1. When you go through (1) acidic (Asp, Glu); (2) touching a helix residue (DSSP H, G or I) at 6+ places or on another chain (Cβ under 6 Å); (3) surrounded by fewer than 18 Cβ atoms within 10 Å (Cβ to Cβ) one by one for ASP338, which number turns out not to apply?
2. With at pLDDT 90 or above and farther than 30 Å from GLU297 by Cβ as the only criterion, which of ARG27, ARG60 stands out?
3. Determine which single condition TYR327 fails, assuming it passes every other condition in (1) hydroxyl-bearing (Ser, Thr, Tyr); (2) in a loop (DSSP other than H, G, I, E, B); (3) within 21 Å of GLY458 (Cβ to Cβ).
4. Read through the list (1) at pLDDT 95 or above; (2) more than 28 Å from PHE439 (Cα to Cα), then give the number of the only condition that ILE261 fails.
5. Take the residues of the stretch 63-77 that are out of contact with any Lys or Arg (no Cβ under 9 Å at 6 or more places or on another chain) and part of a helix (DSSP H, G or I): which is farthest from HIS157 (Cα to Cα)?
6. Limited to the stretch 251-277, what total is found for residues that are crowded, with 16+ Cβ neighbours inside 10 Å and either more than 23 Å from LYS37 (Cβ to Cβ) or among the hydroxyl-bearing types (Ser, Thr, Tyr) (or both)?
7. Looking at this structure, is VAL75 at pLDDT 95 or above and surrounded by fewer than 16 Cβ atoms within 10 Å (Cβ to Cβ)?
Amino acid sequence: MAVTDHGRINQIKEGKLLELCSDPMWRLNNLYWVRDKDGNAVPFHPWSEQLKFLNEIWYRNIIPKARQRGFSTVVQLVELDACIFVPNTAAAIIAQDLNTSTKIFRDKIKFAWDRMPGAIQEANPLTKKTESEYNWANESFLYVATSARGGTLQYLHVSELGSVAKRFPQKVHEIVTGALPTVDKNGVIVIESTVESPDDAFSEMVKVAQKHQQSGRKLHKQQYKLHFASWWDAPEYEADPEGVPISKADNAYFYRIEGLIGRKISKRKRAWYVLTRDNAFAGDQNKMFSQYPSTLEEAFSVASEGKWLAKQMAAARNENRILKLPYRPDLPVLTVWDIGTNDDMCIWVGQENGPWVDWINYFEGSGEHYSYYVGLLMQEGYHVYSHHLVPHDADNRIQGEHRINTAKDILEGLKLRNIITVPRIAEYTQGVEQLRTAFPTYRFDEENCADGIKHLDGYSKVWDEKHGRYTSIYAKNGHQHAPDALRQHAQYRHNLRHNPDGRSRPKRRNKSGMAA
């Protein structure tokens, strides 16, 4: 396909220009201007990875990627192009925050439209022009915002969903339940992001798409197609290797990646990778795994910032402590409970096995009576129980029974014995540290505890947008109940070790602390 010099576009006769514009690929290769990474105005020509995406685009698309791979640009130009040349096109772009939204509209949409040939602007002029939305005479419109409004869209681009999930977790629910369903079944959705966490909404959608890809089955229109974009296939990610020390460990890493991807990684690319890691991220390899992954699996392996148990879960996997753990009838069973608000309940089932505590099962639910959970335990056929650990609020009185009972009273009435209430601690973070200390002795059954493991991965801190950092407050994102239950075991064991009489001796409470 021949590419026309952008500087000569306006010299093409109007009739010929409109004829050429009947081909959308010609339009994308010839009509649009963008800013390069140095801020210069340059003609847009899709490079190989962008062309590959355009040739493989599906109704629903999800792109885990390295930073600055140009997918946002090409998707936004596709939306703009559709609005200009296809009547009645409704398109939207969702950005992570208002500042980013304003920048996308100014630097991508407005920038490209202002440089469109005059003949095309005159053939389909703007009827509405704001700092976040354009409407055209052909009844098409495009807007950039932090959420999608009502109505039906033909195109929707969700930019950096992983970052949205990290910084504004409440917005993810709005996007998933509000914005995505606005797209017509024959419309196009593109969701792209770097991987910020192995367990957020973006990563879960990527994993589902990966399973579809691996199955080899034909995709339904509503299923997402996976497009992965690494750093090593980006032509601009190269540097002069002279003077760049590449260690034996670094070269061993590159050789391993070469074996996985089936292609060579040049000295120039190796030099760029090492320079970027050591200077942009102060040598933090995990940051490279997240921002410039070599493989999709590598992106998910990162020990996520802002997760209470990130290092502990990474160590559990590296040390093969998430495995198949069958129930042993010769060992007694213990249970640990979280009795949450709003009827949330979760239970870990474990066995002390030499130096290990083997967590062999996990149950959770909501809106069920205590008898339901006791029934689940009975169905498993565990022979002997050593004890049951419940949190301090199990001694609170509960309305709703024939008489006012505590949770502990109810459980004892259901024939559970040796129920131990774990004392309240003064500081929430103190309990988390006790859980981290105990974690190296924990092993988990990979199948029966799968849901609980997912919650341990998702156990998060609250992001402070004002100060740009994570706080010491736990996020109420639905993942907190399982680690809170496991924390009862760690706190109980800590008390036995430091207070043989079993009583907690809390320190003086800090006003900013959270009791738990």
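1. Status for ASP338: all satisfied but (3).
2. Numbers: ARG60 fails: farther than 30 Å from GLU297 by Cβ.
Exactly one of ARG27, ARG60 is at pLDDT 90 or above and farther than 30 Å from GLU297 by Cβ, namely ARG27.
3. It fails just one condition, (3).
4. (1)
5. Residues of the stretch 63-77 that are out of contact with any Lys or Arg (no Cβ under 9 Å at 6 or more places or on another chain), as a first pass: 64-67, 69-70, 74-75.
Then keep just the ones that are part of a helix (DSSP H, G or I); that gives 74-75.
On the way: VAL74: 11, VAL75: 7 Å.
Applying the filter and picking the extreme gives VAL74.
6. Residues flagged as crowded, with 16+ Cβ neighbours inside 10 Å and either more than 23 Å from LYS37 (Cβ to Cβ) or among the hydroxyl-bearing types (Ser, Thr, Tyr) (or both) within the stretch 251-277 amount to 5.
7. Values: at pLDDT 95 or above: yes; surrounded by fewer than 16 Cβ atoms within 10 Å (Cβ to Cβ): no.
Here the answer is no, as VAL75 does not meet what is asked.
Residue-wise test of (1) farther than 30 Å from LEU456 by Cβ; (2) β-branched (Val, Ile, Thr).
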residue	(1), (2)
THR130	yes, yes
GLU139	yes, no
GLY178	no, no
THR182	yes, yes
VAL188	yes, yes
GLN213	no, no
ARG217	yes, no
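The values are calculated or read from the model by the stated rules, or taken from the named source; none is laboratory data. Source: prediction; values computed, not measured. Backbone-built Cβ (ideal geometry, glycine too); neighbour counts: all protein chains shown.
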